[in-house]
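Q: Can you read through this structure? Questions will come right after.
The values are calculated or read from the model by the stated rules, or taken from the named source; none is laboratory data. Because the structure is predicted, anything quoted here is derived from the model rather than measured. Cβ coordinates were reconstructed from backbone atoms using ideal geometry, including for glycine residues, and neighbour counts include every protein chain displayed.
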Amino acid sequence: MRLFDTYTRSLFELPPPPGPIRMYFCGPTVYQRIHIGNARPFVLSMWLKRWLEQSGYDVRLAENITDINDKIYLAAPGRSAELAAEASRWYVEDTDLLGLGRPDHEPKATETVPEIVDLIARLVDRGLAYPAGGDVYFRVVRFPEYGRLSGREGDHEALHNPSEEAERDELKEDPRDFALWKAHKEGEDTVWESPWGPGRPGWHIECSAMAEKFLGPVFEIHGGGNDLIFPHHENELAQSRGAGSEFARMWMHNGMLQLTGEKMSKSLGNIVPLRDAIQEWGREAILLFFMNSYWRKPIEFSDEVLEQASAQAETFRNYFVGLEHEPQEIERDALARVLDDDFNTAEALRLFHDWRARGRTDSLRWGLEVFGLGDLAEAVSAPAALVALAEKRKEARASRDFDEADRLRSEIEDQGWEVRDVADGFELVPK
RNA sequence: GGCGCCGUGGCCGAGAGGUUAGGCAGAGGCCUGCAAAGCCUCGUACACCAGUUCGAAUCUGGUCGGCGCCUCCA
């Protein structure tokens with residue numbers, strides 16, 4: 001299996017099964033409900049995990065929840081811890097609606113502070129970090145590789161890491177340096193002890209610490225949105241390699257979701273909460289929407305494409321209505337051919353339609369299940385009362401009383417079900 | 001400005017130097033008491049300009065356009 005790697009900008013060949021494949025994906029910073037754009041890396045990581053497991057790999061996926069962050073302090077002055085805890089629950093609740101299962105580990109920054117402090121201490125010992133005014137900064141000049149991941153190596157201007165407050169910049173030896181630890185400030189309602197005084201971790205360091213804690217000093221895949229390449233992932237890489245770990249062997253960065261041509265982001269305010277989208281379109285349509293795109297490309301979220309995805313969900317669902325068939329061999333290799341080539345899910349979807357048209361029921365059921373779409377193959381049985389109405393209608397039709405038959409059909413429709421006449425009777429399907 | 005991703009038919013999208021992708025929507029038809037579902041037929045696309053080639057949507061160069069990052073962001 002090969003995947004496009006941001007670091008080398010070329011395809012990375014995964015070791016053969018059983019691996020292991022250790023994956024770290026950047027989860028959200030929790031201070032509000034996640035939007036559908038935040039769901040993309042979650043969906044990608046879970047699909048990849050499911051497919052790799054299906055392929056005989058030993059997979060371990062860690063996906064963090066960042067619950068210490070300036071945004072959180074800002075969003076809930078004086079009660080940031082409560083907000084972060086609540087928003088963490090929202091995140092799990094909302095992503096559970098996708099029905100893809102959970103990562104193996106979902107660590108929180110607040111539960112990883114001792115490891116974070118240890119990691120910073122290691123960097124200070126090695127001369128790659130220095131305390132200043134209660135803060136601790138990473139010394140970029142000591143890490144020559146800095147900027148390689150984001151393709152701006154050597155470009156001092158582009159590698160600038162400004163502090164939140166301009167006056168803290170004076171504490172830094174170099175504008176590119178970034179905070180590993182931040183001294184406690186007035187108004188911040190959470191604080192931890194450290195060798196450098198009370199404070200809290202900076203952004204970036206929690207991911208380095210959590211990845212090492214749950215996956216070890218080296219792992220295969222690091223993922224996240226492509227807006228994290230700089231500075232977040234660049235800094236993670238510097239911290240972890242600086243501390244002596246090999247860190248990620250490859251990086252996968254998913255493209256952004258766009259709403260009317262613009263990136264969907266909290267700061268622009270053009271967001272669609274995941275929960276609302278699932279409620280409006282159904283989880284299957286959301287998943288098919290993601291599946292019909294290549295993971296690295298930006299995609300436009302619009303009513304039109306979601307309607308198209310819903311229609312495809314219907315097409316699959318209709319295929320399984322009242323279906324009976326002999327067991328068949330599963331065409332595993334056909335799916336492997338497209339997914340093992342940079343995880344081409346759009347091509348996989350095309351294959352599913354091909355299986356449907358060719359009556360490869362078992363292959364289709366299996367393939368849909370890999371993508372968490374097994375529901376589409378499930379028969380939904382109607383309540384007995386409706387079946388009775390449909391039986392009455394069948395009798396009416398047999399005696400050619402079509403007025404009565406049509407009346408019964410609309411009565412059934414009023415209750416949200418549709419009657420379809422088939423060769424030897426009828427099928428009831430939810431509308 | 002720097003770095004990067006990308007431009008395929010009404011829409012979404014694979015593919016890739018010569019042979020129909022697929023889906024959705026639309027038109028016509030078959031089937032049906034009527035429907036629904038399903039099936040059949042129909043669009044002959046690849047931003048633009050040069051170049052390489054017997055042949056390019058696919059390779060090379062350039063132009064234009066969109067998007068992302070460079071500041072919090074998946």
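Q: Considering every residue within region A:313-335, establish whether at least one is within 28 Å of the chain's Cα centre (by Cα) and within 29 Å of A:Glu262 (Cβ to Cβ).
A: Within region A:313-335, one or more residues are within 28 Å of the chain's Cα centre (by Cα) and within 29 Å of A:Glu262 (Cβ to Cβ).
Q: Could you please find all residues in region A:247-275 being touching a helix residue (DSSP H, G or I) at 6+ places or on another chain (Cβ under 8 Å) and in a loop (DSSP other than H, G, I, E, B)?
A: Listed by number, the residues that qualify are A:Gly255, A:Met256, A:Met264, A:Ser265, A:Ile271, A:Val272.
Q: Turning to a different aspect of this structure: Within region A:200-219, does at least one residue satisfy the condition of being within 32 Å of the chain's Cα centre (by Cα), within 26 Å of A:Val59 (Cβ to Cβ) and assigned to a strand (DSSP E or B)?
A: yes
Q: Sticking with this structure for a sec: Out of (1) polar (S, T, N, Q); (2) away from RNA strand B (no atom under 13 Å from the Cβ); (3) assigned to a helix (DSSP H, G or I), the odd one out for A:Ser410 is which?
A: (2)
Q: Let me ask you something else. When you look at A:Asn226, is it in the same structural domain as A:Asp135 (by TED's automatic domain parsing), polar (S, T, N, Q), touching a Gly at 6+ places or on another chain (Cβ under 9 Å) and crowded, with 24+ Cβ neighbours inside 10 Å, yes or no?
A: no
Q: Take region A:320-352 and flag every residue that is more than 26 Å from A:Pro430 (Cα to Cα) and of a type in the set (Val, Ile, Thr).
A: A:Ile330, A:Val338, A:Thr345, listed by residue number.
Q: Let me ask something additional. Determine if region A:141-161 includes at least one residue that is touching a strand residue (DSSP E or B) at 6+ places or on another chain (Cβ under 7 Å), assigned to a loop (DSSP other than H, G, I, E, B), at pLDDT 95 or above and buried (at least 17 other Cβ atoms within 10 Å of the Cβ).
A: no
Q: Working only within region A:309-335, note down all residues that are of a type in the set (Gly, Ala, Ser) and either surrounded by fewer than 13 Cβ atoms within 10 Å (Cβ to Cβ) or within 15 Å of A:Phe352 (Cβ to Cβ) (or both).
A: Matches in region A:309-335: A:Ala309, A:Ala311, A:Ala313, A:Ala334.
Q: For region A:279-368, list the helices (runs of 4 or more DSSP H) that sit wholly inside it and hold at least 2 residues that are near RNA strand B (Cβ under 10 Å from one of its atoms) and among the β-branched types (Val, Ile, Thr); which are they?
A: A:303-320
Q: Take the residues of region A:7-64 that are more than 16 Å from RNA strand B (Cβ to nearest atom) and of a type in the set (Asp, Glu): which is surrounded by the fewest Cβ atoms within 10 Å (Cβ to Cβ)?
A: Across region A:7-64, the extreme among qualifying residues is A:Glu13.
Q: Can you pull out every residue in region A:1-23 that is among the β-branched types (Val, Ile, Thr) and closer than 20 Å to A:Leu149 by Cβ?
A: Selection gives A:Thr6, A:Thr8.
Residue-wise test of (1) within 11 Å of RNA strand B (Cβ to nearest atom); (2) free of Cβ contacts under 8 Å to residues at least 24 places away in the same chain; (3) surrounded by fewer than 17 Cβ atoms within 10 Å (Cβ to Cβ).
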{"residue": "A:Leu376", "(1), (2), (3)": "no, no, no"}
{"residue": "A:Val380", "(1), (2), (3)": "no, no, yes"}
{"residue": "A:Val387", "(1), (2), (3)": "no, no, yes"}
{"residue": "A:Glu391", "(1), (2), (3)": "no, yes, yes"}
{"residue": "A:Arg397", "(1), (2), (3)": "yes, no, no"}
{"residue": "A:Asp406", "(1), (2), (3)": "yes, yes, yes"}
{"residue": "A:Gly416", "(1), (2), (3)": "no, yes, yes"}
{"residue": "A:Val419", "(1), (2), (3)": "yes, no, no"}
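Residues checked against (1) farther than 19 Å from A:Leu61 by Cβ; (2) assigned to a helix (DSSP H, G or I); (3) touching a residue at least 24 places away in the same chain (Cβ under 8 Å):
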{"position": "A:Asp189", "(1), (2), (3)": "yes, no, yes"}
{"position": "A:Gly223", "(1), (2), (3)": "no, no, yes"}
{"position": "A:Phe230", "(1), (2), (3)": "yes, yes, yes"}
{"position": "A:Asn235", "(1), (2), (3)": "yes, yes, yes"}
{"position": "A:Ala277", "(1), (2), (3)": "yes, yes, yes"}
